[in-house]
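Input: a single structure, listed below in structure tokens.
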Amino acid sequence: MRDLPFLIAQTSLALQARLQNRFNFVVEQVSNLVFYVCATIGLAIIVARFGEIGGFALAEMMLVYGLNLVTYFIAGTYLWGVARTLEGLIRSGELDLVLARPIGPLTLLMARSFEPSMPVKAVGAFALCVYALLLLDEGNGPSPAIWLSVTIVGGTLIQGGVMLAFASIAFWVAGSRDLVELMIYGVRRTVDVPISVYPSPVQLVLTVAIPYAFVNYYPILGLAVSIENGATTVLASSALIVGLVSAAAGTALWRLGLRRYRTVGA
């Protein structure tokens, strides 16, 4: 918490610098918006053609897609740049300079990695989630507003925990950036659809090993399906529960990697 004022100040400076060329920034955001609108329309066409995907109708599918996006964008605002650049910093020795600063190394790297376009895209993804909830009959599930807030917080912790964990592999493995990009651009995208469409081994991996399924699939079950014996509440809050565990695991792996790291001059 002591580094939070520094992170806020650096974020403000980075945002001001990015807005120096407002036209390019606006064009970039409009392009991103068009891309995701087209993707959503494509999703609607597919659902209209097949009726359901993995037992999920259009509203649930939009929620699956929107939750994966909004949590990724929020977590990636600071951590995606860390995940992409850590290996290069280690290889070049620049991480030594980071460690020599009086600011915590993760905070400093997050400040350097701030990406202003991510929060803008998160707003659009959030709007998609809200629209999907308006279409969805949540049955006997929890309050949609509370559920969405809890699920986004939990899903963001999951996305951030996975990013930090796989970024930390760079402390042990050379060439880990390829693994990070495979995880974020490949594996994460598998939960753009319900995991019920995949074979059981894949579902197990996405549930236990890399818990992306808790970003959207399981919480949506808790919201949209009436389940007896309190299972609805457990599933609906599962993103937050798993998110706390994921964030703790990613942070622990980061700290372990830092302790293992030896400076270039050592």
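Every read-out reported here was derived from the displayed coordinates using simple, explicitly stated rules and does not represent laboratory data. Model, not experiment: these values are computed from the prediction. Don't worry about glycine lacking a Cβ; one is built from the backbone with ideal geometry, like all the others, and counts go over all protein chains shown.
Placing unit charges on the Cβ atoms of the charged side chains and taking the dipole of the chain about its Cα centre, the candidate lying farthest along the positive direction among Phe126, Met183, Gly55 is Met183.
Rounded to the nearest 20, the size of the Cβ-charge dipole of the chain about its Cα centre is 920 debye, with Lys and Arg at +1 and Asp and Glu at -1.
Only one of the listed values, (1) 26; (2) 38; (3) 30, was derived from the coordinates as percent of Cα pairs over 31 Å apart; which label is it? Structure-derived value, by its label: (3).
For the pair the range 77-132 / the range 1-40, the C-alpha centres are spaced 12 Å from each other.
Both radii were evaluated on the Cα set of the range 131-194; the Rg over Rh quotient, with Rh as the Kirkwood radius, amounts to 1.15. Kirkwood analysis of the Cα pair distances in the range 1-136 returns a hydrodynamic radius of 17.2 Å. Protection proxy ranking for 50-58, 204-212, 156-164, 105-113, using the average of other Cβ atoms within 10 Å per residue and placing the highest first: 156-164, 105-113, 204-212, 50-58. Among Arg255, Arg101, Arg188, the largest mean-square fluctuation in a Gaussian network model of the chain (Cα springs under 10 Å) belongs to Arg101.
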